[in-house]
Amino acid sequence: MAVTINNVVKIIYLTKENAAFYKSGDFIGMRYTDEEGNESDCGRVYFHRLFPYTELWTNISVMDKDSQEFGIIANIDDFEKEDSELIRKELLAKYFVPKIKSILTLKEKLGYSSWTVDTDAGVVTFTVRDTFRSMIRIGESRIYVIDNDGNRYEIENYNKLDKKSYKKIELYI
């Protein structure tokens with residue numbers, strides 16, 4: 001028998017027919033019904049985007065506290081409105097990404113760069129190691145900047161930055 005992905009890994013797709021989500025205190029739980037019709041409460045679940053920069057509401061992995069995957073949500077909009085809103089709120093909180101409106105200062109020293117930026121969440125200062133590798137280009141003009149703590153910041157379109165801001169990052173893009 002030839003080895004294929006289908007006989008090595010079983011992917012379970014979570015749908016409104018086999019999964020339901022509920023709020024319990026500060027966390028989200030899931031009830032799951034397997035192929036035989038057996039229902040189980042999976043308890044607390046965590047959502048992870050499989051394509052975090054490009055697919056915001058599709059291809060969502062649902063995992064337990066030990067990072068064991070229960071299944072994948074193809075599209076959260078396929079769920080009942082209440083469930084999709086719960087999932088959307090969790091993802092927005094987890095993947096909070098301030099959008100950089102302007103770059104106030106950008107100073108490089110010994111392989112690190114210190115940034116002070118104005119974002120849609122206010123003025124933020126952060127440090128980046130190896131600026132070239134910490135700026136992830138998505139598409140033509142969109143950039144994610146990942147700081148030393150793993151926080152992400154987005155420049156939606158570097159061509160729309162003011163001239164002073166653009167000059168500060170021009171070398172890196």
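The values are calculated or read from the model by the stated rules, or taken from the named source; none is laboratory data. Being a predicted model, the structure only gives us computed values, none of them experimental. Reconstructed Cβ throughout: ideal geometry from the backbone, glycine too, with neighbour counts over all protein chains shown.
Here are the numbers for this structure:
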| quantity | calculated |
| --- | --- |
| Exclusive hit being surrounded by 11 or more Cβ atoms within 10 Å (Cβ to Cβ), assigned by TED's automatic domain parsing to the domain that holds residue 53, within 21 Å of residue 55 (Cα to Cα) and not small (Gly, Ala, Ser), set 90, 154 | 90 |
| Residue count for the range 22-72, restricted to those that are in a loop (DSSP other than H, G, I, E, B) and either at pLDDT 95 or above or not hydroxyl-bearing (Ser, Thr, Tyr) (or both) | 18 |
| Test: residue 151 is without any contact (Cβ under 8 Å) to a residue 24 or more places away in the chain and of a type in the set (S, T, N, Q) | no |
| Residue within the range 130-138 that is in a loop (DSSP other than H, G, I, E, B) and at pLDDT 95 or above present | no |
| Qualifying residues in the range 91-106 (those that are of a type in the set (D, E, K, R) and modelled with pLDDT of 95 or more) - the one nearest to residue 148 (Cα to Cα) | 99 |
